[in-house]
Amino acid sequence: MNRRNRLAAIVAGAATAVVAALSAGFLLSPNAGAQDVSAQAQALWTNPNTAAARWVAQNPNDSRANMIRDRIAETPAGTWFTQTNPTGGIAAQVSAVVDGAAAAGAAPIMVVYNIPNRDCGGASGGGASSHEVYRGWIDQIAAQIDGPAYIILEPDVIAHDCYNSTERAQINASLSYAAQKLNAADPAVKVYIDAGNSAWLTPSVAGSRLQAAGIQNADGFSLNVSNYRTTEESTAWANQVRGIVGSGKTAVIDTSRNGNGPLNPPNPNDWCDPPGRAIGKFPTTATGVAGIDAYLWVKLPGEADGCAGAAGQFIPDLAYQLANNAGSGWPGQVEPTDPITSDDPTSDDPTSDDPTTGGPSGDCTVHIDTVSSWNGGWQGKVSMTADEAVNGWTVSWTWPGGQSIQSSWNAQVTTSGSTVTAKDVGWNAAVGAGQTKELFGFVASGSAADFDVSC
(Lines give C-alpha, C1' and ligand atoms only; values in the text may rest on other atoms or scores of the structure.)
Protein backbone atom coordinates (compact mmCIF):
# COMPACT_ATOMS: atom_id res chain seq x y z
CA MET A 1 0.00 0.00 0.00
CA ASN A 2 1.55 3.35 -0.98
CA ARG A 3 1.83 6.13 1.53
CA ARG A 4 -1.16 8.21 0.45
CA ASN A 5 -3.45 5.15 0.32
CA ARG A 6 -2.20 4.06 3.72
CA LEU A 7 -2.95 7.50 5.16
CA ALA A 8 -6.39 7.49 3.57
CA ALA A 9 -7.09 4.15 5.23
CA ILE A 10 -5.98 5.53 8.58
CA VAL A 11 -8.23 8.57 8.21
CA ALA A 12 -11.19 6.44 7.12
CA GLY A 13 -10.69 4.13 10.09
CA ALA A 14 -10.51 7.08 12.46
CA ALA A 15 -13.71 8.55 11.01
CA THR A 16 -15.51 5.24 11.50
CA ALA A 17 -14.33 5.16 15.11
CA VAL A 18 -15.64 8.68 15.70
CA VAL A 19 -19.07 7.79 14.27
CA ALA A 20 -19.19 4.71 16.48
CA ALA A 21 -18.24 6.72 19.56
CA LEU A 22 -20.93 9.31 18.91
CA SER A 23 -23.52 6.60 18.31
CA ALA A 24 -22.61 5.12 21.69
CA GLY A 25 -23.24 8.46 23.37
CA PHE A 26 -19.61 9.24 24.19
CA LEU A 27 -18.79 12.89 24.91
CA LEU A 28 -15.78 14.93 23.92
CA SER A 29 -13.27 15.67 26.67
CA PRO A 30 -13.83 18.98 28.52
CA ASN A 31 -10.80 20.47 26.78
CA ALA A 32 -11.92 19.61 23.26
CA GLY A 33 -14.00 22.74 23.00
CA ALA A 34 -11.10 24.91 24.13
CA GLN A 35 -9.66 24.85 20.62
CA ASP A 36 -12.73 26.67 19.34
CA VAL A 37 -11.66 29.93 21.01
CA SER A 38 -8.79 30.19 18.55
CA ALA A 39 -10.99 29.92 15.43
CA GLN A 40 -8.32 27.76 13.82
CA ALA A 41 -8.07 27.93 10.05
CA GLN A 42 -5.90 24.80 10.14
CA ALA A 43 -6.41 22.17 12.82
CA LEU A 44 -3.19 21.49 14.70
CA TRP A 45 -2.28 18.04 15.97
CA THR A 46 -2.07 17.10 19.62
CA ASN A 47 0.53 14.37 20.06
CA PRO A 48 -0.92 11.82 22.52
CA ASN A 49 2.54 10.55 23.44
CA THR A 50 4.21 13.63 24.91
CA ALA A 51 5.96 13.42 28.28
CA ALA A 52 3.10 15.41 29.80
CA ALA A 53 0.48 13.02 28.40
CA ARG A 54 2.42 9.99 29.63
CA TRP A 55 2.80 11.49 33.09
CA VAL A 56 -0.94 12.25 33.33
CA ALA A 57 -1.79 8.70 32.28
CA GLN A 58 0.57 7.28 34.90
CA ASN A 59 -0.54 9.62 37.70
CA PRO A 60 -4.32 10.06 37.34
CA ASN A 61 -4.86 10.64 41.08
CA ASP A 62 -2.17 13.27 41.47
CA SER A 63 -3.64 16.65 42.51
CA ARG A 64 -1.83 18.29 39.58
CA ALA A 65 -3.00 15.85 36.92
CA ASN A 66 -6.24 17.52 35.81
CA MET A 67 -4.61 20.92 35.35
CA ILE A 68 -1.68 19.46 33.40
CA ARG A 69 -3.99 17.30 31.29
CA ASP A 70 -6.51 20.01 30.41
CA ARG A 71 -4.06 22.82 29.72
CA ILE A 72 -0.88 21.12 28.49
CA ALA A 73 -1.26 17.46 27.52
CA GLU A 74 -4.40 18.17 25.44
CA THR A 75 -3.03 21.26 23.68
CA PRO A 76 -1.34 20.99 20.23
CA ALA A 77 2.42 21.36 20.61
CA GLY A 78 5.68 20.59 18.86
CA THR A 79 7.22 17.19 18.30
CA TRP A 80 10.99 17.53 18.39
CA PHE A 81 13.30 15.48 16.19
CA THR A 82 16.71 15.62 17.84
CA GLN A 83 18.53 12.36 17.14
CA THR A 84 20.30 11.18 14.02
CA ASN A 85 19.55 7.53 14.71
CA PRO A 86 16.67 7.22 17.20
CA THR A 87 15.29 3.83 18.15
CA GLY A 88 13.60 2.43 15.05
CA GLY A 89 15.18 5.07 12.82
CA ILE A 90 14.31 8.66 12.00
CA ALA A 91 12.02 7.65 9.10
CA ALA A 92 9.80 5.60 11.42
CA GLN A 93 9.75 8.38 14.01
CA VAL A 94 8.62 10.97 11.46
CA SER A 95 6.15 8.58 9.84
CA ALA A 96 4.43 7.95 13.18
CA VAL A 97 3.85 11.68 13.64
CA VAL A 98 2.70 12.29 10.07
CA ASP A 99 0.33 9.31 10.18
CA GLY A 100 -1.04 10.28 13.58
CA ALA A 101 -1.74 13.82 12.44
CA ALA A 102 -3.34 12.62 9.21
CA ALA A 103 -5.63 10.31 11.15
CA ALA A 104 -6.79 13.29 13.20
CA GLY A 105 -7.18 15.50 10.12
CA ALA A 106 -4.65 17.94 11.55
CA ALA A 107 -1.22 19.40 10.84
CA PRO A 108 1.69 18.47 13.11
CA ILE A 109 4.11 21.03 14.53
CA MET A 110 7.53 19.52 13.81
CA VAL A 111 10.80 20.82 15.23
CA VAL A 112 13.95 19.84 13.37
CA TYR A 113 16.84 20.18 15.81
CA ASN A 114 20.01 18.27 14.94
CA ILE A 115 22.51 20.72 13.40
CA PRO A 116 26.15 19.80 14.13
CA ASN A 117 27.43 21.40 17.37
CA ARG A 118 23.86 22.16 18.39
CA ASP A 119 23.41 24.77 21.16
CA CYS A 120 27.16 25.42 21.03
CA GLY A 121 27.64 22.44 23.35
CA GLY A 122 25.29 23.90 25.99
CA ALA A 123 22.45 22.27 27.91
CA SER A 124 20.85 21.05 24.66
CA GLY A 125 24.15 20.17 23.00
CA GLY A 126 24.54 17.40 20.45
CA GLY A 127 23.62 17.18 16.81
CA ALA A 128 24.67 15.28 13.72
CA SER A 129 28.30 14.27 13.41
CA SER A 130 28.79 16.23 10.18
CA HIS A 131 26.88 18.41 7.76
CA GLU A 132 26.91 15.60 5.20
CA VAL A 133 25.22 13.31 7.75
CA TYR A 134 22.80 16.10 8.66
CA ARG A 135 21.67 16.60 5.07
CA GLY A 136 21.12 12.88 4.64
CA TRP A 137 19.03 12.97 7.82
CA ILE A 138 16.96 15.82 6.36
CA ASP A 139 16.41 13.74 3.22
CA GLN A 140 14.94 10.93 5.34
CA ILE A 141 12.57 13.33 7.10
CA ALA A 142 11.43 14.92 3.86
CA ALA A 143 10.69 11.51 2.34
CA GLN A 144 8.12 10.80 5.08
CA ILE A 145 6.21 14.09 4.96
CA ASP A 146 2.87 13.94 3.20
CA GLY A 147 0.29 16.64 3.89
CA PRO A 148 0.28 19.87 5.87
CA ALA A 149 2.89 20.50 8.54
CA TYR A 150 4.43 23.45 10.35
CA ILE A 151 8.16 22.85 10.51
CA ILE A 152 10.46 24.87 12.78
CA LEU A 153 14.02 24.62 11.59
CA GLU A 154 16.89 24.57 14.11
CA PRO A 155 15.92 26.76 17.08
CA ASP A 156 18.57 29.29 18.14
CA VAL A 157 21.22 28.27 15.62
CA ILE A 158 21.44 31.53 13.69
CA ALA A 159 21.40 33.52 16.95
CA HIS A 160 24.37 31.75 18.53
CA ASP A 161 27.78 33.38 18.20
CA CYS A 162 30.09 30.47 18.99
CA TYR A 163 30.72 29.56 15.35
CA ASN A 164 33.69 30.70 13.28
CA SER A 165 33.23 31.87 9.70
CA THR A 166 33.79 28.40 8.22
CA GLU A 167 31.29 26.79 10.61
CA ARG A 168 28.77 29.55 9.96
CA ALA A 169 29.05 29.02 6.20
CA GLN A 170 28.44 25.28 6.66
CA ILE A 171 25.45 25.95 8.89
CA ASN A 172 23.96 28.41 6.44
CA ALA A 173 24.36 25.95 3.60
CA SER A 174 22.68 23.20 5.63
CA LEU A 175 19.81 25.44 6.70
CA SER A 176 19.21 26.51 3.13
CA TYR A 177 19.32 22.88 2.00
CA ALA A 178 16.90 21.79 4.74
CA ALA A 179 14.43 24.59 4.03
CA GLN A 180 14.38 23.79 0.33
CA LYS A 181 14.14 20.02 0.81
CA LEU A 182 11.41 20.13 3.46
CA ASN A 183 9.37 22.74 1.61
CA ALA A 184 9.42 20.61 -1.50
CA ALA A 185 8.06 17.58 0.38
CA ASP A 186 4.44 18.72 0.02
CA PRO A 187 2.74 21.92 -1.20
CA ALA A 188 0.94 22.20 2.15
CA VAL A 189 4.14 22.24 4.22
CA LYS A 190 5.32 25.50 5.78
CA VAL A 191 8.94 25.85 6.88
CA TYR A 192 10.27 28.51 9.24
CA ILE A 193 13.96 29.09 9.96
CA ASP A 194 14.32 30.01 13.60
CA ALA A 195 15.54 33.56 14.34
CA GLY A 196 16.02 33.54 18.12
CA ASN A 197 13.98 36.09 20.03
CA SER A 198 13.39 39.80 20.36
CA ALA A 199 15.78 40.16 23.31
CA TRP A 200 18.64 38.30 21.66
CA LEU A 201 19.30 39.84 18.24
CA THR A 202 18.48 43.23 16.78
CA PRO A 203 16.10 43.07 13.80
CA SER A 204 18.92 44.08 11.44
CA VAL A 205 21.24 41.29 12.62
CA ALA A 206 18.44 38.71 12.57
CA GLY A 207 17.39 39.77 9.09
CA SER A 208 20.93 39.59 7.77
CA ARG A 209 21.52 36.15 9.24
CA LEU A 210 18.22 34.82 7.92
CA GLN A 211 19.12 35.99 4.43
CA ALA A 212 22.50 34.27 4.69
CA ALA A 213 20.75 31.09 5.90
CA GLY A 214 18.55 30.88 2.81
CA ILE A 215 15.24 32.26 3.97
CA GLN A 216 14.33 32.56 0.30
CA ASN A 217 13.81 28.77 0.46
CA ALA A 218 11.53 28.99 3.53
CA ASP A 219 8.07 30.40 4.15
CA GLY A 220 9.44 32.64 6.86
CA PHE A 221 10.96 32.52 10.32
CA SER A 222 10.05 31.48 13.85
CA LEU A 223 10.80 33.39 17.01
CA ASN A 224 10.58 33.15 20.79
CA VAL A 225 11.10 29.38 20.74
CA SER A 226 11.58 28.20 24.34
CA ASN A 227 11.54 31.83 25.47
CA TYR A 228 9.22 34.16 27.35
CA ARG A 229 9.01 37.42 25.40
CA THR A 230 5.46 38.71 25.07
CA THR A 231 3.44 38.13 21.93
CA GLU A 232 3.10 41.89 21.41
CA GLU A 233 6.85 42.49 21.65
CA SER A 234 7.55 39.52 19.39
CA THR A 235 5.05 40.73 16.79
CA ALA A 236 6.63 44.19 16.61
CA TRP A 237 10.11 42.65 16.29
CA ALA A 238 8.93 40.20 13.63
CA ASN A 239 7.53 43.02 11.52
CA GLN A 240 10.86 44.83 11.66
CA VAL A 241 12.65 41.68 10.53
CA ARG A 242 10.11 41.24 7.72
CA GLY A 243 10.98 44.73 6.57
CA ILE A 244 14.50 43.43 5.96
CA VAL A 245 13.93 39.93 4.57
CA GLY A 246 10.83 40.92 2.58
CA SER A 247 7.18 41.27 3.47
CA GLY A 248 6.44 38.08 1.54
CA LYS A 249 8.11 36.16 4.36
CA THR A 250 5.92 35.53 7.40
CA ALA A 251 6.52 34.51 11.00
CA VAL A 252 5.27 32.16 13.70
CA ILE A 253 5.58 32.95 17.42
CA ASP A 254 6.08 30.40 20.18
CA THR A 255 3.47 31.31 22.83
CA SER A 256 3.87 28.17 24.93
CA ARG A 257 5.29 29.94 27.99
CA ASN A 258 4.95 33.68 27.43
CA GLY A 259 1.65 34.30 29.23
CA ASN A 260 3.35 36.36 31.94
CA GLY A 261 6.12 37.65 29.71
CA PRO A 262 9.78 37.46 30.77
CA LEU A 263 11.01 37.61 34.36
CA ASN A 264 11.26 41.31 35.23
CA PRO A 265 13.83 42.49 36.00
CA PRO A 266 15.94 39.82 34.30
CA ASN A 267 18.23 37.72 36.44
CA PRO A 268 20.79 35.08 35.41
CA ASN A 269 17.98 32.55 34.97
CA ASP A 270 15.80 34.82 32.81
CA TRP A 271 15.83 32.30 29.95
CA CYS A 272 16.36 29.14 31.97
CA ASP A 273 13.25 27.93 33.81
CA PRO A 274 12.50 31.33 35.39
CA PRO A 275 9.88 31.32 38.16
CA GLY A 276 6.39 32.73 37.88
CA ARG A 277 5.87 32.23 34.14
CA ALA A 278 2.64 31.04 32.52
CA ILE A 279 1.41 29.32 29.39
CA GLY A 280 0.40 31.81 26.71
CA LYS A 281 -2.04 32.04 23.82
CA PHE A 282 -3.66 28.83 22.66
CA PRO A 283 -2.07 27.58 19.40
CA THR A 284 -3.85 28.83 16.30
CA THR A 285 -3.21 29.49 12.63
CA ALA A 286 -5.81 32.29 12.65
CA THR A 287 -3.96 35.05 14.46
CA GLY A 288 -5.76 37.97 12.84
CA VAL A 289 -2.38 39.72 12.60
CA ALA A 290 -0.87 40.47 9.19
CA GLY A 291 2.44 38.70 8.69
CA ILE A 292 2.01 36.32 11.64
CA ASP A 293 0.99 32.92 10.30
CA ALA A 294 0.46 31.23 13.64
CA TYR A 295 0.85 31.23 17.37
CA LEU A 296 2.38 27.81 18.04
CA TRP A 297 3.45 25.89 21.10
CA VAL A 298 6.91 24.90 19.95
CA LYS A 299 8.52 24.31 23.33
CA LEU A 300 6.65 21.76 25.45
CA PRO A 301 5.54 23.40 28.72
CA GLY A 302 6.82 21.49 31.71
CA GLU A 303 9.98 20.31 29.97
CA ALA A 304 12.98 21.97 31.60
CA ASP A 305 15.41 24.37 29.92
CA GLY A 306 18.35 22.91 31.83
CA CYS A 307 18.07 24.62 35.22
CA ALA A 308 15.02 23.06 36.93
CA GLY A 309 16.19 19.77 35.47
CA ALA A 310 18.08 18.38 32.50
CA ALA A 311 17.11 20.04 29.23
CA GLY A 312 13.93 18.37 28.01
CA GLN A 313 13.15 16.60 31.29
CA PHE A 314 9.45 16.75 32.18
CA ILE A 315 8.89 18.18 35.66
CA PRO A 316 5.29 18.02 36.91
CA ASP A 317 5.68 20.98 39.29
CA LEU A 318 7.01 23.13 36.44
CA ALA A 319 4.11 22.14 34.20
CA TYR A 320 1.54 22.74 36.93
CA GLN A 321 2.88 26.20 37.78
CA LEU A 322 2.91 27.27 34.13
CA ALA A 323 -0.65 26.06 33.65
CA ASN A 324 -2.03 27.36 36.94
CA ASN A 325 -0.40 30.77 36.59
CA ALA A 326 -2.41 31.41 33.42
CA GLY A 327 -5.51 32.02 35.55
CA SER A 328 -9.08 30.83 35.24
CA GLY A 329 -9.77 32.75 32.00
CA TRP A 330 -7.25 30.83 29.87
CA PRO A 331 -7.42 30.38 26.89
CA GLY A 332 -9.49 33.52 26.37
CA GLN A 333 -8.45 36.38 24.16
CA VAL A 334 -7.35 38.51 27.12
CA GLU A 335 -4.76 36.84 29.31
CA PRO A 336 -5.91 37.01 32.95
CA THR A 337 -2.35 37.33 34.23
CA ASP A 338 -1.62 40.62 32.49
CA PRO A 339 -0.27 42.92 35.24
CA ILE A 340 -2.65 45.55 36.61
CA THR A 341 -0.77 48.82 36.86
CA SER A 342 -3.38 51.18 38.27
CA ASP A 343 -2.94 52.14 41.92
CA ASP A 344 -5.88 54.53 41.77
CA PRO A 345 -8.41 53.63 44.48
CA THR A 346 -11.18 55.11 42.31
CA SER A 347 -10.41 52.79 39.41
CA ASP A 348 -12.84 50.19 38.09
CA ASP A 349 -11.76 47.49 40.55
CA PRO A 350 -15.03 45.68 41.33
CA THR A 351 -14.04 45.09 44.94
CA SER A 352 -13.05 48.68 45.78
CA ASP A 353 -16.38 50.13 46.87
CA ASP A 354 -18.49 47.07 47.53
CA PRO A 355 -18.74 46.47 51.30
CA THR A 356 -19.87 42.90 50.70
CA THR A 357 -16.60 42.01 48.97
CA GLY A 358 -14.18 44.35 50.66
CA GLY A 359 -12.25 41.78 52.67
CA PRO A 360 -12.35 38.55 54.63
CA SER A 361 -15.57 38.05 56.53
CA GLY A 362 -14.08 35.98 59.33
CA ASP A 363 -10.83 34.87 60.95
CA CYS A 364 -8.13 33.75 58.56
CA THR A 365 -4.37 33.38 58.24
CA VAL A 366 -2.15 34.37 55.33
CA HIS A 367 0.93 32.28 54.56
CA ILE A 368 3.99 33.59 52.68
CA ASP A 369 6.04 30.65 51.45
CA THR A 370 9.22 30.27 49.37
CA VAL A 371 8.82 28.39 46.08
CA SER A 372 12.43 28.73 44.87
CA SER A 373 15.40 30.99 45.47
CA TRP A 374 18.64 32.09 43.83
CA ASN A 375 21.46 34.50 44.59
CA GLY A 376 19.80 37.83 45.36
CA GLY A 377 16.21 36.82 44.71
CA TRP A 378 13.43 34.32 45.17
CA GLN A 379 9.94 33.29 44.12
CA GLY A 380 7.18 33.24 46.71
CA LYS A 381 3.52 32.36 46.94
CA VAL A 382 0.77 33.73 49.16
CA SER A 383 -1.96 31.43 50.47
CA MET A 384 -4.92 31.94 52.76
CA THR A 385 -6.54 29.61 55.28
CA ALA A 386 -10.08 30.83 55.98
CA ASP A 387 -12.21 29.81 58.97
CA GLU A 388 -15.25 31.34 57.29
CA ALA A 389 -16.01 31.86 53.62
CA VAL A 390 -14.25 34.83 52.01
CA ASN A 391 -15.64 36.66 48.98
CA GLY A 392 -13.02 39.27 48.06
CA TRP A 393 -9.77 39.76 49.90
CA THR A 394 -7.12 42.37 50.66
CA VAL A 395 -4.02 41.14 52.45
CA SER A 396 -1.10 43.12 53.83
CA TRP A 397 2.22 42.44 55.53
CA THR A 398 5.52 44.12 56.39
CA TRP A 399 8.78 42.57 55.22
CA PRO A 400 11.07 41.45 58.05
CA GLY A 401 14.40 42.08 56.32
CA GLY A 402 14.36 44.60 53.49
CA GLN A 403 12.83 42.34 50.82
CA SER A 404 11.07 43.95 47.87
CA ILE A 405 8.58 42.59 45.32
CA GLN A 406 9.85 42.90 41.75
CA SER A 407 6.90 41.35 39.91
CA SER A 408 3.66 39.57 40.75
CA TRP A 409 0.75 37.77 39.12
CA ASN A 410 -2.91 37.10 39.92
CA ALA A 411 -3.17 40.09 42.30
CA GLN A 412 -3.15 43.90 42.37
CA VAL A 413 -0.05 44.64 44.42
CA THR A 414 1.08 48.00 45.82
CA THR A 415 3.96 48.75 48.17
CA SER A 416 4.72 51.54 50.61
CA GLY A 417 8.17 51.25 52.11
CA SER A 418 8.42 47.71 53.48
CA THR A 419 4.63 47.21 53.56
CA VAL A 420 2.92 45.18 50.84
CA THR A 421 -0.81 45.34 50.10
CA ALA A 422 -2.43 42.93 47.63
CA LYS A 423 -6.02 42.65 46.38
CA ASP A 424 -7.79 39.92 44.42
CA VAL A 425 -8.41 40.29 40.69
CA GLY A 426 -11.99 39.05 40.65
CA TRP A 427 -11.76 35.47 39.44
CA ASN A 428 -9.67 34.44 42.50
CA ALA A 429 -11.70 36.38 45.11
CA ALA A 430 -13.40 33.43 46.81
CA VAL A 431 -11.90 31.22 49.51
CA GLY A 432 -14.18 28.58 50.98
CA ALA A 433 -14.75 28.02 54.67
CA GLY A 434 -12.03 25.75 56.03
CA GLN A 435 -10.10 25.96 52.76
CA THR A 436 -6.42 26.76 52.22
CA LYS A 437 -6.03 28.38 48.81
CA GLU A 438 -3.07 29.86 46.94
CA LEU A 439 -3.98 33.48 46.17
CA PHE A 440 -1.10 34.78 44.05
CA GLY A 441 2.62 34.59 43.39
CA PHE A 442 5.52 36.99 43.18
CA VAL A 443 9.25 37.41 42.56
CA ALA A 444 11.15 39.37 45.21
CA SER A 445 14.67 40.61 45.81
CA GLY A 446 16.54 39.95 49.03
CA SER A 447 16.60 36.82 51.15
CA ALA A 448 13.79 34.28 50.99
CA ALA A 449 11.23 34.46 53.80
CA ASP A 450 8.54 32.14 55.16
CA PHE A 451 6.06 33.50 57.71
CA ASP A 452 2.37 33.83 58.57
CA VAL A 453 0.32 36.96 59.23
CA SER A 454 -3.21 37.40 60.52
CA CYS A 455 -5.86 38.73 58.16
Considering only region 114-225, percent of DSSP beta bridges that pair antiparallel, nearest 5: 10 percent
Other-chain or far-sequence residues with amide H under 5 Å of THR250's (modelled H): GLY220, PHE221
Stokes-Einstein D in µm²/s, Kirkwood radius over Cα pairs - region 43-85 at 37 °C with 0.692 mPa s viscosity: 293 µm²/s
Along principal axes, Cα extents of region 245-313, largest first, whole Å: 38, 25, 21
Amide H contacts under 5 Å for ALA430, placed H, 5+ residues apart: GLY392
Table column - 3J(HN,Hα) (Hz), region 274-279, Karplus curve with 6.51, -1.76, 1.60, x for Gly and Pro: x, x, x, 8, 8, 4
Kirkwood hydrodynamic radius (C-alpha pairs) into Stokes-Einstein, region 170-329, 20 °C and 1.002 mPa s, D in µm²/s: 132 µm²/s
Amide hydrogen neighbours beyond the local backbone of VAL371, cut-off 5 Å, H modeled: GLN379, GLY380, LYS381
Region 152-161 - phi-based ³J(HN,Hα) in whole Hz, Karplus 6.51/-1.76/1.60, Gly and Pro as x: 9, 9, 6, x, 6, 5, 6, 7, 5, 10
Radius of gyration and Dmax over the Cα atoms of region 169-224, both given in Å: 11.3, 34
Residue-by-residue Karplus 3J(HN,Hα) for region 404-415, coefficients 6.51, -1.76, 1.60, Hz, glycine and proline x: 8, 6, 9, 7, 8, 8, 6, 7, 8, 10, 10, 10
Calculated diffusion of region 192-251, Stokes-Einstein form, Kirkwood radius summed over Cα pairs, 37 °C and 0.692 mPa s, µm²/s: 297 µm²/s
Ranked order, VAL443, VAL413 - accessible area, probe 1.4 Å, largest first: VAL413, VAL443
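The values are calculated or read from the model by the stated rules, or taken from the named source; none is laboratory data. Here the structure is a predicted model, which means the values were calculated and not measured. These accessible areas exclude ligands, DNA and RNA; they are computed on the full protein's heavy atoms, side chains included. Shrake-Rupley method; radii C 1.70, N 1.55, O 1.52, S 1.80 Å.
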